[in-house]
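Notes follow the structure.
The values are calculated or read from the model by the stated rules, or taken from the named source; none is laboratory data. All values derive from a computational prediction rather than experimental measurement. Positions of Cβ are generated from backbone atoms using ideal geometry, with glycine treated the same way; all protein chains shown enter the neighbour counts.
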Amino acid sequence: MKLYFAPMTCSLSPHIVLRELDIAFELIRVDNKTKRTADGQDFLAINPKGYVAALMLDHGEVLTEGPAIVQYLADQVPGNHLAPANGTWERVRLQEWLNFISSEIHGGCAPLFNAQIPETTKAIFKQKLFKRLDYLAGALEHRNYLQGDFGLADAYLFSVLKWLPFFAIGINDWPALASYMARIETRPSVRAAIEAEANTGQG
Ligand SMILES: N[C@@H](CCC(=O)N[C@@H](CS)C(=O)NCC(=O)O)C(=O)O
């Protein structure tokens, strides 16, 4: 399979998951400005939505949307350590986390990337994001990971919390989040994914 990615974006989440699960894959960089891939293709022909992550399966179908991609990947490896089995209560809890991260954190950060939004308006979005970070810090106060052990939700949350410095938001204001990030950063899969993204060029 092929993972279409752009460095320092939400595609880091499925990238970490692929490495955690030891699934063979090809990493293909996308230039999000030109919508060209490093192997010379029109990315819009691969994912008409025009954004990463996109996962091309060996039979040619393309799966998009981070929460769907990571669950698909985990389900390819029976008994994997990243996701509770389908149909269980814990799996529903995982989906609750993935939705929260997608809409409240990932979606909450999106306007902060927009250069056309004035800083005064961004301050309003930041206040809302701070409430969500407060909630997360509370959830992680007495546990290392969102569902006990490292899992899909942590790969996703780590990937989007890495953006906070771009918005001059100091993670150290939430010590539980700072130690959570430091803990995940040491995982071999995470280090390998970050290094591979830095070294996989535009072709
Ligand atoms: N709903 C999508 C959003 C994906 C997304 O926001 N991708 C960003 C990077 S984090 C992107 O590629 N943006 C480029 C663009 O929209 O042109 C998902 O959850 O996978």
Within the range 157-175, the residues that are assigned to a helix (DSSP H, G or I) and over 25 Å from HIS15 (Cβ atoms) are ASN172, ASP173, PRO175
For the range 64-78, enumerate the residues that are of a type in the set (S, T, N, Q) and either closer than 19 Å to PRO48 by Cβ or touching a Ser or Thr at 6+ places or on another chain (Cβ under 9 Å) (or both). THR64
If I filter the range 33-54 for residues that are more than 10 Å from the ligand (Cβ to nearest atom) and of a type in the set (Ser, Thr, Tyr), do I get at least one hit? yes
Test ALA54 against the stated conditions and say whether it is touching a Phe, Trp or Tyr at 6+ places or on another chain (Cβ under 6 Å) and either polar (S, T, N, Q) or in the same structural domain as GLU26 (by TED's automatic domain parsing) (or both). yes
Out of the residues in the range 1-59 that are in contact with a strand residue (DSSP E or B) (Cβ under 8 Å, 6 or more places away or on another chain) and of a type in the set (Asp, Glu), which is farthest from GLY201 (Cα to Cα)? ASP42
Would you be able to tell me the number of residues in the range 143-156 that are in a loop (DSSP other than H, G, I, E, B), within 14 Å of PRO67 (Cβ to Cβ) and of a type outside the set (Gly, Ala, Ser)? 1
Test of understanding: among VAL17, VAL52, which residue is under 20 Å from LEU98 (Cα atoms), crowded, with 18+ Cβ neighbours inside 10 Å and touching a helix residue (DSSP H, G or I) at 6+ places or on another chain (Cβ under 6 Å)? VAL17
Using the structure shown, decide if GLY108 is under 24 Å from PHE5 (Cα atoms), within 14 Å of the chain's Cα centre (by Cα), outside the structural domain of VAL52 (by TED's automatic domain parsing) and free of Cβ contacts under 8 Å to residues at least 40 places away in the same chain. yes
Would you point out the residue of the range 101-142, among those that are assigned to a loop (DSSP other than H, G, I, E, B) and within 16 Å of the ligand (Cβ to nearest atom), that is surrounded by the fewest Cβ atoms within 10 Å (Cβ to Cβ)? ALA115
Yes or no: HIS81 more than 10 Å from the ligand (Cβ to nearest atom) and either touching a residue at least 24 places away in the same chain (Cβ under 8 Å) or in contact with an Asp or Glu (Cβ under 7 Å, 6 or more places away or on another chain) (or both)? yes
So THR64 fits all but one of (1) in contact with a strand residue (DSSP E or B) (Cβ under 8 Å, 6 or more places away or on another chain); (2) crowded, with 16+ Cβ neighbours inside 10 Å; (3) not assigned by TED's automatic domain parsing to the domain that holds HIS15; what number is the exception? (3)
Could you say whether any residue in the range 58-69 is more than 10 Å from the ligand (Cβ to nearest atom), aliphatic (A, V, I, L, M) and not in a strand (DSSP E or B)? no
Which numbered condition ARG36 misses (of (1) within 25 Å of PHE150 (Cα to Cα); (2) surrounded by fewer than 18 Cβ atoms within 10 Å (Cβ to Cβ)): (1)
Check GLY50, GLY66 and return the single one that is on the phi > 0 side of the Ramachandran plot, among the small types (Gly, Ala, Ser) and at pLDDT 95 or above. GLY50
